[in-house]
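Down below is the structure, laid out as structure tokens.
The values are calculated or read from the model by the stated rules, or taken from the named source; none is laboratory data. All figures in this text were calculated on a predicted structure; none of them were measured in a lab. Backbone-built Cβ (ideal geometry, glycine too); neighbour counts: all protein chains shown. Remember, those area values only see protein heavy atoms, side chains included, never the ligands or the DNA or RNA. Shrake-Rupley method; radii C 1.70, N 1.55, O 1.52, S 1.80 Å.
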Amino acid sequence: MIDPSLCQETVESSLVPIKHMIFRWVTQPTLVVPVLLAFTGLPWLLRAERWKRPVSRIGLTLTLIYLVLFSPTIAKIGSRFLMVGVPQDPGQPADAIVVLGRGTPLRPSRVDVATELWQQERAPLIFTSGRGDAIEIAQKLKSKGVPAQALDGEPCSSTTEENAEFTAALLRPQGVQRIVLVTDPPHMLRSQLTFQSFGFKVTPHISPLPGDLENRGNQVLVLREWAGLIAYGLMGRYFARSESPEVPWANQTLTPTALNPSQLPLQAISAVADRDQV
């Protein structure tokens, strides 16, 4: 396991808090709808007649589109379409089980799924990935009977792109090609395509969303994934990468200490603050 104190801030990870702040605001109808309605009605306070109707129509259209996007029906349809390109797990053996972190509420399901895969002897290694998640998930797997020597990971990635990049930097030199990828349904398609672009042969294995996740939370997850899926496509992140990634700290692993937080230095503990993956 990588010592978290070795993690280095990247340009992409530095933008994560800003992205989260913007997305949290955009996904709050009580904040956004009044702004859109104000935009719709504001032109009628102006004297220029020719601008009133066109601007109001734009505002009204945006308001309707926003309300439709946040309807439960659209969330269900969007969730189903995110799973269209994800194949079923055929149960074949792999070189490693890769578990992606997505924040505290989604950890228990991932731990249960990874433990089950380990008991089925699907792979000799479980690799956890994600800042604020990798170490915690590995600790829970160890408490469920997975031996420490079968656990590895990186607690440095803050985005799905970095999940794949850092995992490839650490596992590809070890000859790992076939992986069973564990994450939630909305996140799976983007994760699968991104990991495949780094040369992995990916078998997707779904980690169910928590049963107590509110409809609102599910809507936000689905919308965020559609935004991420489209953005990654526009950035060309699903095309095969020409070279294996090089990460400065990839050869500086300090293996067992990361599975026992009491042995980590203070700067390492502070480096694993809980953050959702983007």
Tell me yes or no: at least one residue of segment 3-13 is buried (at least 16 other Cβ atoms within 10 Å of the Cβ) and in contact with a Ser or Thr (Cβ under 6 Å, 6 or more places away or on another chain).
yes
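Listed here are the residues, each with its yes/no results for (1) under 25 Å from residue 30 (Cα atoms); (2) small (Gly, Ala, Ser); (3) at pLDDT below 95.
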residue	(1), (2), (3)
50	no, no, yes
62	yes, no, yes
72	yes, no, yes
77	yes, no, yes
87	no, no, yes
96	no, yes, no
104	no, no, yes
111	no, no, no
Restricted to segment 22-48, and to residues that are over 22 Å from residue 223 (Cα atoms), open to solvent by less than 80 Å² (accessible area, probe 1.4 Å) and in contact with a helix residue (DSSP H, G or I) (Cβ under 9 Å, 6 or more places away or on another chain), which residue is modelled with the lowest pLDDT?
43
Output yes when any residue across segment 51-69 is touching a residue at least 40 places away in the same chain (Cβ under 8 Å) and part of a loop (DSSP other than H, G, I, E, B), and no when none is.
no
Go through (1) open to solvent by 80 Å² or more (accessible area, probe 1.4 Å); (2) closer than 28 Å to residue 1 by Cβ; (3) among the aliphatic types (A, V, I, L, M) for residue 99 and report which single condition fails.
(1)
When residues of segment 95-135 are filtered for being farther than 23 Å from residue 175 by Cβ, touching a strand residue (DSSP E or B) at 6+ places or on another chain (Cβ under 7 Å) and of a type in the set (A, V, I, L, M, F, W, C), how many remain?
1
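Looking at residue 116, is it open to solvent by 20 Å² or more (accessible area, probe 1.4 Å) and on the phi > 0 side of the Ramachandran plot?
Against the criterion (open to solvent by 20 Å² or more (accessible area, probe 1.4 Å) and on the phi > 0 side of the Ramachandran plot), residue 116 does not qualify.
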When you scan segment 100-127, how many residues do you find that are under 20 Å from residue 187 (Cβ atoms) and either among the acidic types (Asp, Glu) or free of Cβ contacts under 8 Å to residues at least 40 places away in the same chain (or both)?
6
From 226, 249, residue being in a helix (DSSP H, G or I), surrounded by 14 or more Cβ atoms within 10 Å (Cβ to Cβ), at pLDDT below 95 and aromatic (Phe, Trp, Tyr):
226
Quick one: in segment 200-212, which of the residues that are touching a helix residue (DSSP H, G or I) at 6+ places or on another chain (Cβ under 7 Å) and at pLDDT below 95 is farthest from residue 96 (Cα to Cα)?
210
Any residue that is open to solvent by less than 10 Å² (accessible area, probe 1.4 Å), closer than 21 Å to residue 7 by Cβ, of a type in the set (A, V, I, L, M) and touching a residue at least 24 places away in the same chain (Cβ under 8 Å) - is there at least one of those in segment 154-168?
yes
Take the residues of segment 70-87 that are aliphatic (A, V, I, L, M) and open to solvent by less than 30 Å² (accessible area, probe 1.4 Å): which is farthest from residue 219 (Cα to Cα)?
86
Please work out which residue is farthest from residue 97 (Cα to Cα), limiting yourself to segment 148-177 and to residues that are touching a strand residue (DSSP E or B) at 6+ places or on another chain (Cβ under 6 Å) and hydroxyl-bearing (Ser, Thr, Tyr).
157
